[in-house]
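Just so it is clear, none of the values below were taken in a lab; they were calculated from the coordinates. Quick caveat: nothing in here was measured; it's all calculated off a predicted structure. Here the Cβ is made from the backbone with ideal geometry for all residues, glycine too, and neighbour counts use every protein chain on show.
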Amino acid sequence: MKFVTYAKEHQEKVGIIVNDLVYDLEQINPHLPSTLTEILADSAFSFPLIELIQKEITNGNYKNTVMENPQLLAPIPHPLSFRDAYAFRQHVETSRLNRGLEMIPEFDEIPVFYFSNHQAIQGPGKVYAMPEHFNQMDFELEIAIVIKKEGMNIKAEEADEYIGGFMILNDLSARALQMQEMKLNLGPAKGKDFASMMGPYLITPDELEAYKVAPKEGHIGNCYDLDMICRVNAVEVSRGNFKDMHWTFAEIIERVSYGVKIFPGDVIGSGTVGTGCFLELNGTGKRKDPNYEVQWIQPEDCIEIEIKGLGKLTNSVHLYQENLNDHAKN
């Protein structure tokens, strides 16, 4: 199934995508939960009903519930928490090489992650940032999962059962702020907490079965062959693949849930795919050619992330104007 959350008359609504059209689930069946997090948490009840709705739509029913040009939000606009992992070896190894460092052996011991700001989640469309954020602003090409049921001390062998769906993640980063604060061996914080874009859809795992491949040798969990591409102002700047994750989401869930509960609506990011940010690309370019011209995200730039099976997430990034309260209300 392919879900969206969209705004209608200042309310957040859940829609189902069938043949590229958005259908309002509340209009079709008002007994379904009203948020996507609640639908995932109650999937044993909700999913069979929604699968039946999909079949009826395919047969030509519910045409009056189609939403024309809906304003899409992040599929999970208000996650209970947001963790971001560090799961792609190529990104870690290359980024360290660019700084003259050897690969850190601890990477192979545990899947690490950090907490980011779950109150700064945005969907497709315009994103506003402060002037200091544009000091080496970067995109990050990632995939995120949404947890659908509560659990604690979950083993990797069982962890895929806790995944409610997958979505594109672009974790904007202010690199100058990030590097400044991490000299103090704490963070990332202010370099990361201002905007993380997700969407446009939440795709349930069954939709990705055809792309499933084996994980890396010695690892446990589902893995998928999905091309990942980022374009800035219509120019391709990055290309990777979901199957190159060193640590699987199942293994990340095992680490995340050790000694703590995870809950429906928790979001976990994969971390940056290899070549999936300007920090890595610029470092590689400079290492190979001192005259390499670095690139960062500039005000008014358009960032487009496309991942096979998950759709295309498009955002434009803009500078906050003087009246910040006006933007906070929009």
Packing-based order for 44-51, 18-25, using average beta carbon neighbours within 10 Å, highest first: 18-25, 44-51
Potential lengthening between residue 308 and residue 96 on full extension [0.36 nm per residue; Cα-Cα distance subtracted]: 73.5 nm
Candidates 58, 204, 37: whichever shows maximal mean-square fluctuation once the chain is modelled as a Gaussian network with Cα springs under 10 Å: 58
Relative packing of peptides 216-223, 192-199 - highest average C-beta neighbours within 10 Å first: 192-199, 216-223
Cα gyration tensor of the stretch 11-84 - equivalent ellipsoid semi-axes, whole Å, descending: 22, 15, 10
Sequence of 183, 149, 55, 13 once ranked by neighbouring C-beta atoms within 10 Å, starting from the fewest: 183, 55, 149, 13
Centroid-to-centroid separation of the stretch 4-48 and the stretch 150-227 [C-alpha atoms, Å]: 23
Calculated over the stretch 82-329: convex hull of Cα atoms, volume per residue (Å³): 134
Potential lengthening between residue 58 and residue 211 on full extension [0.36 nm per residue; Cα-Cα distance subtracted]: 52.7 nm
Hypothetical label at residue 8: residues of the stretch 23-39 whose amide nitrogen lies under 15 Å (7 Å Cα-Cβ projection): 23-36
Residue exposure sequence - 133, 10, 118 - by fewest surrounding Cβ within 10 Å: 10, 118, 133
Computed FRET value (nearest 0.05) for residue 284 with residue 112, which takes r as the C-beta separation and R₀ as 30 Å: 0.85
Local net charge near residue 144, Cβ-Cβ under 12 Å (Lys/Arg +1, Asp/Glu -1): -4
Residue 74 long-range amide H proximity, modeled H, under 5 Å: 123
Residues 130, 167 arranged by fewest to most Cβ contacts within 10 Å: 130, 167
Distribution of pairwise C-alpha distances over the stretch 1-149, 10 Å bins, in %: 9, 30, 27, 19, 12, 3, 0
Considering only the chain, percent of DSSP beta bridges that pair antiparallel, nearest 5: 85
Set of lysines with alpha-carbon distance to residue 261 below 20 Å, sequence-local pairs under 8 removed: 148, 149, 155
Set of lysines near residue 63 by C-alpha distance (under 17 Å), chain-local residues within fewer than 8 positions excluded: 55
Gain in span if fully extended, residue 294 to residue 236, counting 0.36 nm per residue against the direct Cα distance: 19.4 nm
